[in-house]
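All of the numbers you see were taken from the coordinates with simple rules; none came from a lab. Bear in mind the structure is a predicted one, so any value in this text is a computation, not a measurement. For neighbour counting, all protein chains shown are included, and Cβ atoms are generated from backbone atoms with ideal geometry for every residue, glycine included.
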């Protein structure tokens with residue numbers, strides 16, 4: 001790993017952080033409005049010993065053809081972000097052709113929802129630096145100029161899953177300990193989308209193991225996470241604020257707290273007692289942390305039955 005990647009490498013760029021009723025992170029660049037890159041997935045982890053939010057993006061051209069995918073790591077203390085391009089290596093490096101609709105971050109393993117293509121696992125321990133035409137190609141940029149150098153995480157493995165794999169979220173037990181499990185769900189415009197819970201593969205010879213599956217009857221689901229018996233599910237509503245559903249799997253209720261316009265994935269931050277989401281639409285893009293107090297959540301979820 002390049003020693004300049006943390007904490008003050010030349011590829012770090014600022015974001016604006018505003019703390020009031022919620023924690024709002026906004027991009028101080030063209031990525032706040034560009035129709036080329038769209039933010040999708042979110043999770044939290046530790047990068048070089050610091051609390052970090054990871055946000056996935058996909059890039060498309062005017063015909064909506066996929067060009068590239070990346071993950072932005074945001075240092076929550078210093079309000080700066082670092083971009084990591086996602087790539088596949090099949091004899092030569094090429095952009096990862098995935099929507100990147102959700103993230104689950106486990107140490108040096110980054111799992112990414114690849115809509116219709118299972119779950120893709122990327123290696124954060126072997127991040128590479130590339131330059132010149134290769135950097136531009138992996139970023140989906142045909143012209144000269146940015147980027148002249150880029151950081152790249154390469155796909156380690158494809159995990160086939162019997163779901164559409166639109167989004168991906170973490171699972172925590174009643175005491176708030178992270179489990180080696182994820183929720184994988186389907187975005188559908190009808191009410192038939194399913195959410196499955198899977199145990200992570202331990203090694204290269206094992207596969208995701210399905211533990212549970214249910215259909216909450218919610219249209220346009222964009223993300224799901226679980227803490228004890230409490231589920232959180234995000235629902236997009238085009239250009240209106242997103243809707244948060246929470247509660248037991250058979251008794252999800254609409255929360256009065258709105259999610260960002262064009263809401264996407266969800267992530268739980270139990271250390272700071274916060275639920276994170278993000279909005280994808282140009283000019284309305286925000287990465288938002290909502291304190292549990294605004295959601296009417298006390299320090300403990302319901303006991304498991």
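Would you give the gap between the C-alpha center of the stretch 99-164 and the C-alpha center of the stretch 224-238, rounded to a whole Å?
Cα centroid of the stretch 99-164 versus Cα centroid of the stretch 224-238: 25 Å apart.
When ranked by the protection proxy of mean other Cβ atoms within 10 Å per residue, highest first, what sequence do the peptides 105-114, 203-212, 181-190, 218-227 form?
The most tightly packed comes first, giving 218-227, 105-114, 181-190, 203-212.
Relative to a virtual label point 7 Å from the Cα of residue 238 in the Cα→beta-carbon direction, which members of the stretch 281-299 show backbone nitrogen distances below 19 Å?
281-285, by backbone N distance to the label point.
Given the options 276, 120, 33, which has the most mean-square fluctuation in a GNM of the chain, springs set between C-alpha atoms less than 10 angstrom apart?
With Cα springs under 10 Å in the chain, the top fluctuation among 276, 120, 33 is at 33.
Could you pull the Rg and Dmax for the stretch 141-298, using just the Cα atoms, both in Å?
Cα radius of gyration and Dmax of the stretch 141-298 are 17.0, 53 Å respectively.
Could you give the length gained on full extension between residue 179 and residue 29, defined as 0.36 nm per residue of separation minus the Cα-Cα distance, in nm?
Gain on stretching residue 179 to residue 29: 50.4 nm.
Rg and Dmax of the stretch 17-294, Cα atoms, in Å?
For the stretch 17-294, the Cα-based Rg and Dmax read 17.6, 53 Å.
Beta carbons within 10 angstrom, averaged per residue: use that to sort the peptides 86-97, 51-62, highest first. Don't skip to the answer; put the middle values down first.
On the way: 86-97: 16.5, 51-62: 20.2.
So the peptides 86-97, 51-62, ranked by packing, come out 51-62, 86-97.
Please give the Cα centre distance for the stretch 180-212 versus the stretch 47-87, rounded to the nearest Å.
The stretch 180-212 and the stretch 47-87 have Cα centres separated by 23 Å.
Could you tell me whether the stretch 202-268 comes out rounded, prolate or oblate from its Cα gyration tensor? Rule is a ≥ b ≥ c as square roots of the eigenvalues, rounded for a/c under 1.5, then prolate if a/b exceeds b/c, otherwise oblate.
prolate
Divide by every residue of the chain the summed helix terms, -39500 (n - 2.57) for each DSSP H run of at least 4, and state the resulting mean residue ellipticity at 222 nm, rounded to the nearest 500 deg cm²/dmol.
Details: 1 runs with 7 residues, N = 305.
That calculation yields -500 deg cm²/dmol at 222 nm.
Can you compute the FRET efficiency between residue 250 and residue 273 using 1/(1 + (r/R0)^6), with r the Cβ-Cβ distance and R0 = 22 Å? Round to the nearest 0.05.
The formula returns an efficiency of 0.30 here.
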